[in-house]
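The values are calculated or read from the model by the stated rules, or taken from the named source; none is laboratory data. On a predicted model such as this, the values are computed, not experimentally measured, just so you know. Here the Cβ positions follow ideal geometry from the backbone for every residue, glycine too, while neighbour counts run over all protein chains shown. The protein model used for the area step is the full one, side chains on, heavy atoms only, and it has no ligands, DNA or RNA in it. Shrake-Rupley method; radii C 1.70, N 1.55, O 1.52, S 1.80 Å.
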Amino acid sequence: MDNFNPQFKKIGEILVHLNMAETGHINTALQELKESNEKLGRILIQRGIISEDDFITAYAMQLNEKHITGEDLMRAPENVVRQISEDFCKENNVIALNKTDRNILIAMEDPEDLATLDSIRKLTGLEPEVIVAGKDGIVRALDKIFGDIRQSGEVEDVLANISIISGDDDDQQELDLSKEQVSSEEAPYVKLVNLMLIEAIKEDSTDVHIEPGRNKISVRIRIDGVLSQIMTPPMSSLNGVITRIKILSRLNIAEHRLPQDGRMKIRTADRDIDVRVSILPTVFGEKAVLRLLGFGGRKLNLTTLGFPENKLKIFRKWIKQPYGMILLSGPTGSGKSTTLYASLLEIQDEGINITTVEDPVEYQIAGINQVQMHDEIGLTFSRSLRSILRQDPDVLLIGEIRDSETADIAVKFSLTGHLVFSTVHANDAPSTITRLLDIGIAPFLLGSSLNLVMAQRLVRTVCPHCKEVYEPTSEELDRISVSPSEASSLTFMQGKGCSHCRYSGYRGRTAIHEILEVKQPIRKLIFENANQEVIREKAIELGMTPLRDAGIDKAKAGVTTIYEVLRSTVEDE
């Protein structure tokens, strides 16, 4: 073993020597090699026997060259990478890692590609030094780094078309981010906050979290329901960043011990974004969360929200009834507001008066009367609803049923000839009914007023730019109760990760639904004050698809992944 010299060995022998593959694997791959034009390493990687980094380790040993992993390639500095044009790098699969006055370090798959090395020598005027890297690792690093370079280059263009309106509705001042005059001491923090907001808007995120740690700040944005880190500024910048956010949202910059809530508005070329600001003292300093509200230029439409055709037909039938109550349930961020607004737009007509009572008003829609709650001045849901009854509404949207008083008004509205939409924080459709019974609604009133209850979740969809077919493990199939024979007739998809999806494998979200129609058997159970398990069993018997099953259907269709469905739903008992 001590006399093993990789420079005189075949690649398969080196892999076996390093315990990265077994001799049987190598022999099988060599047989396959005779029937295809692929290289041995590529076959072993595709069969999942070795990783690309394993192959590069063995290949570099054979050539007596240094090598670099795909993870380390991702950390290549932008200022060095951009020394060679993106087109050249992608055409020749090379990436620059480091440079001196005389040399430039290049990662490439084939260190003996003299023509490419000569071209680099001419392009840069520097002498190339070579380090071996895998093809896939180079491609991913190029996509990410040049994507980041393009984004940073677009910042100035974005700044020219964005402004912030600070404060609340009563005292607003518009600030043009591209021209605002600030002192040289404040300028770095102004730029840092602007970059956070611009990145959040570009990625269409819903929240920005600025979290102090022991040694650094973590800035994360919520994309498709999942937090993703975008930068880690030093702790020395925390006070400047938080002060800047407080100034924009008209908060007390001298108060550091108490939580504070404020708001501002970001105005871009195509939309206004309402930003709700929350400041919370933590052990390492103040944490800020900015919630971005506003749908922009995208169309709100029921047909684009992920409804299967049969469920869309049922939902449309009930939202077009003249009176009764439609309830949506689910946690924060499950798309309830989006579905409700799409419903209102579907039934909106010159002949009906639609009024909403919300906290906050998430999307402003022409032709609909929207009322914003202000608890601090006593404008609560229940107080607003009493006044709205005198406004002659036909359709009423109540942002959320939180207490017995609001629930009582909603039920009575629906029983007196109004169509009422609202939301309830509950885990599924049957528990929504029992939740309302628990807060004090009489069973005979609830049973008489309720038309439909729909539980909803959002699951991430597979990125269309990098999706590929994959075979689920036996454990995954067991979790979703799919037999291997059934799985063989299905096509499961996953994303391998690319610059379009920030290497997550997911881009965008779709909804899954659990629709409970309140037909006569369900009404009877409500009148009898039945528990949620009894209601659930009867609803499934009448055709309700549970949330987990609805998600599994989306995974079977290749829209999302099994992992995402299991992450977003609970197992039915």
**Prompt:** Relative contact order of the range 102-146: what whole-number percent is it, with Cα pairs under 8 angstrom and at least 6 residues apart?
**Reply:** 49
**Message:** For the chain, take the longest principal axis of its alpha carbons; what is the angle in degrees between that and the long axis of helix 52-63, to the nearest 10 within 0 to 90?
**Reply:** 10
**Message:** Let me cross-check residue 75: its accessible surface, 1.4 Å probe, with only protein heavy atoms counted, in Å² to the nearest 10?
**Reply:** 150
**Request:** Would you mind checking which residues have amide H under 5 Å from residue 418's amide H? H placed 1.01 Å from N; only 5 or more apart, or other chain.
**Result:** 324
**Asked** Shape call for the range 363-493 from the C-alpha gyration tensor, a ≥ b ≥ c root eigenvalues: rounded (a/c under 1.5), prolate (a/b greater than b/c) or oblate?
**Response** prolate
**Per residue, in Å², the accessible surface of the range 197-264 once ligands and nucleic acids are set aside, probe 1.4 Å** = 45
**Complete:** A correct Kirkwood calculation over the Cα atoms of the chain returns a hydrodynamic radius in Å of 27.9
**Message:** Given a 1.4 angstrom probe, what's the average accessible area per residue across the range 404-517, in square angstrom?
**Reply:** 41
**Message:** If I compute solvent accessible area with a 1.4 Å probe over the protein chains, what percent of it on the range 460-573 is carbon and sulfur?
**Reply:** 46
**Complete:** The set of residues whose placed amide H lies less than 5 Å from the amide H of residue 353, leaving out same-chain residues fewer than 5 positions away, is 394, 395
**Complete:** Inter-part gap, Cα centre of the range 335-354 to Cα centre of the range 32-77, in whole angstrom, is 55
**Asked** Of all accessible surface on the range 224-344 at a 1.4 Å probe, what whole percent is carbon and sulfur?
**Response** 54
**Asked** In degrees between 0 and 90, to the nearest 10, how far off the longest principal axis of the chain does helix 238-248 point, with axes built from Cα atoms?
**Response** 40
**Prompt:** Which whole-Hz couplings ³J(HN,Hα) result when phi for each residue of the range 498-512 is put into the Karplus expression 6.51 cos²θ - 1.76 cosθ + 1.60, θ = phi - 60°, listed in order with x for Gly and Pro?
**Reply:** 8, 5, 5, 10, 6, 6, 8, x, 10, 8, x, 9, 9, 9, 10
**Request:** State, as an integer percentage, the relative contact order of the chain based on alpha-carbon contacts under 8 Å between residues 6 or more apart.
**Result:** 9
**Item:** All Cα pairs of the range 425-573, percent lying beyond 25 Å
**Value:** 40
**Asked** How much accessible surface does residue 363 have with a 1.4 Å probe, in Å² rounded to 10?
**Response** 30
**Request:** Taking H placed 1.01 Å from N in the peptide plane, check which residues at least 5 places from residue 506 or on another chain put their amide H under 5 Å from its amide H.
**Result:** 463
**Asked** Heavy-atom accessible area of residue 519 with all protein chains present, probe 1.4 Å, nearest 10 Å²?
**Response** 80
**Complete:** Under the Karplus relation with 6.51, -1.76 and 1.60 and θ = phi - 60°, whole-Hz ³J(HN,Hα) for the range 433-450, x at Gly and Pro, equal 5, 5, 4, 5, 5, 5, 7, x, 6, 5, x, 5, 6, 5, x, 7, 9, 7
**Request:** Any lysines with Cα under 22 Å of the residue 336 Cα? List them, leaving off those in the same chain fewer than 8 positions away.
**Result:** 299, 311, 313, 317, 320, 554
**Item:** Per the chain, cysteines lacking a partner by the 4.7 Å Cβ criterion
**Value:** 89
**Message:** Which one, 389, 235, 365, is farthest towards the positive end of the dipole of the chain when Lys and Arg carry +1 and Asp and Glu -1 on their Cβ?
**Reply:** 389
**Prompt:** Between Rg and the Kirkwood Rh of the range 186-319, both from Cα atoms, what is the Rg to Rh ratio?
**Reply:** 1.09
**Complete:** Once the dipole of the range 400-469 is set up from charges on Cβ (+1 Lys and Arg, -1 Asp and Glu), the residue from the list 437, 415, 453 lying farthest towards its positive end is 453
**Request:** Label the range 288-340 by shape, choosing from rounded, prolate and oblate, from the square roots a ≥ b ≥ c of the eigenvalues of the Cα gyration tensor; if a/c is under 1.5 it is rounded, and otherwise prolate applies when a/b is larger than b/c, oblate when it is not.
**Result:** prolate
**Complete:** Relative contact order as a percentage, the range 433-508, C-alpha pairs under 8 Å and 6+ apart, gives 34
**Request:** Calculate the length of the line joining the C-alpha centroid of the range 392-430 to that of the range 494-564, in whole Å.
**Result:** 23
**Request:** Rounded, prolate or oblate: pick one for the range 500-573, where a ≥ b ≥ c are the square roots of the eigenvalues of its C-alpha gyration tensor, a/c under 1.5 means rounded, and failing that, prolate if a/b is larger than b/c, else oblate.
**Result:** prolate
**Item:** nm² value of the averaged projected area, convex hull over the Cα atoms of the range 230-278
**Value:** 4.4
